[in-house]
1. Strands (runs of 3 or more DSSP E) wholly in the stretch 1-100 with at least 3 residues that are surrounded by 12 or more Cβ atoms within 10 Å (Cβ to Cβ) - which ones?
2. Name the pairs whose Cβ atoms lie under 9 Å apart, with the first residue in the stretch 46-66 and not assigned by TED's automatic domain parsing to the domain that holds GLN21, the second loosely packed, with under 10 Cβ neighbours inside 10 Å and at pLDDT below 75, and 6 or more positions between them or separate chains?
3. Looking at the stretch 1-47, which of its residues are of a type in the set (D, E, K, R) and more than 15 Å from the chain's Cα centre (by Cα)?
Amino acid sequence: QCFCRMCAVFGGIYCLRHKVQCLVVDKDSGKCKAIIDHLGQRINAKYFIVEDSYLSEETCSNVQYKQISRAVLITDQSILKADSDQQISILVVPPVESGTCAVRVTELCSSTMTCMKDTYLVHLTCSSSKTARE
C-alpha cells in the first residue's frame, strides 16, 4: 500500500486490470514509450514497471535487470527535527567509500496514511552490489 501511495504522490499511475497487449518501444533508445492494453488503449509512460511473470519469454529475452537493496522501517521518531511539519522527507546518504552506492531515504509520517498515528514509515533503497545485506 505504501508503494501505491508513494507512486501516486510522485505522479505514477496504476493500471489495474489492464492486460498488456504490447509495448511501444523507441527505436533509437530501446526504451518503452507506452503500452497498448487489451482494450486497445494506448497508455504513455516514461517508465513501465511490471513483475516479469506477466511478460512473455520473448519480451524478457533482452531485458537488463537491476537489483536493489531495500529496508522498510516503522519508527516512533522522525529523522527530522521535532518542530518540522514535513509529511514526506527525502534524503540521499552519500556513499561511505568510492565505488559504493548512495542510499535513498524516504520518510512518511502518519498523515500520509501509510502508518499508524505517531509513527513514521522509513524506506531505504540503494543499488545492490552483491547481496541485499552488502
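The values are calculated or read from the model by the stated rules, or taken from the named source; none is laboratory data. Being a predicted model, the structure only gives us computed values, none of them experimental. Methodologically, a virtual Cβ is constructed for each residue, glycine included, from the backbone with ideal geometry; neighbour enumeration extends over all protein chains shown.
1. Those strands (runs of 3 or more DSSP E) span 20-25, 32-37, 68-75, 88-93.
2. Correct list of pairs: empty, since none qualify.
3. ARG17, LYS19, ASP26, LYS27, ASP28, LYS31, LYS33, ASP37, ARG42
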